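The values are calculated or read from the model by the stated rules, or taken from the named source; none is laboratory data. Quick caveat, the model's predicted, so the values are computed rather than measured. Cβ placement follows ideal geometry from the backbone for every residue including glycine, while neighbour counts extend to all protein chains displayed. Keep in mind that these areas ignore ligands, DNA and RNA; they rest on the heavy atoms of the full protein, side chains included. Shrake-Rupley method; radii C 1.70, N 1.55, O 1.52, S 1.80 Å.
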Amino acid sequence: MFDIVEHRNWVISQLYAFTQILFVPNNGPRPEKPFVAYTIIAPYIPQEAPPVIQYSDIVKPIEPESSEPESSDPDQPEVVTENWSRKQRMEYPTVVWSFTAVSTDVSQCYETIMQIRQWFELNGKDALQGENIVVARVEPVLDRSLIIEEIQPEYRVGFDVVLRVSSKISIDVETIESVDYTTGSNI
């Protein structure tokens, strides 16, 4: 199953290693500038196509009960197995992130946000691929600046990025080995 917290931690650690700038949640405490505020706008948007459902046969060992007698050869304990069926559901949802560089210097804002954009478009491609993440779309860089108390400028520049991730869930179901039935019953 797709784990959004693990995904968030991995993306932020990769971006920090690349930029050496502090990343903080947009709705969290604000550190001293410069920093990058991030928001996961949409943590899980299901894919439009139906998910892929696959079935496979698996064999599971049965744990021996403690009351059973020991096997004749203690080095080779007898392994008893059961046949099971595994149902697996695979889909590729999207996750939408928003990044905003915040600084008292507009040049530093642009430099930081372009570094992050460069990571998604080029430098981070191999790392993303290793995690089965595809950059579906990188939105334009926009000025998000505002004036605080009309005297202190806070420069903010940001963009959104859409990532496609993989989500796999499965369940094991015990198979029916045989069925006994009788003919001529009133059932």
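Here is how the numbers come out for the structure above:
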quantity: Of all accessible heavy-atom area on the range 1-142, the percent that carbon and sulfur account for (1.4 Å); calculated: 51
quantity: Among (i) 1.17; (ii) 1.27; (iii) 1.38, the entry derived from the coordinates for Rg/Rh (Cα atoms, Kirkwood Rh); calculated: (ii)
quantity: Karplus-derived HN-Hα couplings along the range 50-56 (A = 6.51, B = -1.76, C = 1.60, θ = phi - 60°), whole Hz, x at Gly and Pro; calculated: x, x, 8, 10, 10, 10, 9
quantity: Approximate spin-label separation residue 17-residue 3, in nm, with each point projected 7 Å along Cα-to-Cβ; calculated: 1.7
quantity: For residue 22, distant residues with modelled amide H under 5 Å away; calculated: 36
quantity: Cut-off 15 Å, label 7 Å out along Cα→Cβ of residue 178, residues of the range 80-116 by amide N; calculated: 83
quantity: Note, ³J(HN,Hα) from phi for the range 27-35, Karplus 6.51, -1.76, 1.60, rounded to Hz, x at Gly and Pro; calculated: 9, x, x, 9, x, 5, 6, x, 7
quantity: Residue-normalised accessible area of the chain, given per residue in Å² at a 1.4 Å probe; calculated: 69
quantity: The range 111-116 - phi-based ³J(HN,Hα) in whole Hz, Karplus 6.51/-1.76/1.60, Gly and Pro as x; calculated: 4, 5, 5, 6, 5, 5
quantity: Lysines whose Cα lies under 29 Å from that of residue 87, excluding same-chain neighbours fewer than 8 positions away; calculated: 60, 168
quantity: Nonlocal amide H pairs with residue 157, under 5 Å, H built at 1.01 Å; calculated: 101, 144
quantity: Helix-derived mean residue ellipticity, 222 nm - over the chain, DSSP H n ≥ 4, -39500 (n - 2.57), to 500; calculated: -6000 deg cm²/dmol
quantity: Amide proton proximity set for residue 2, modelled H, under 5 Å, gap of 5+; calculated: 168
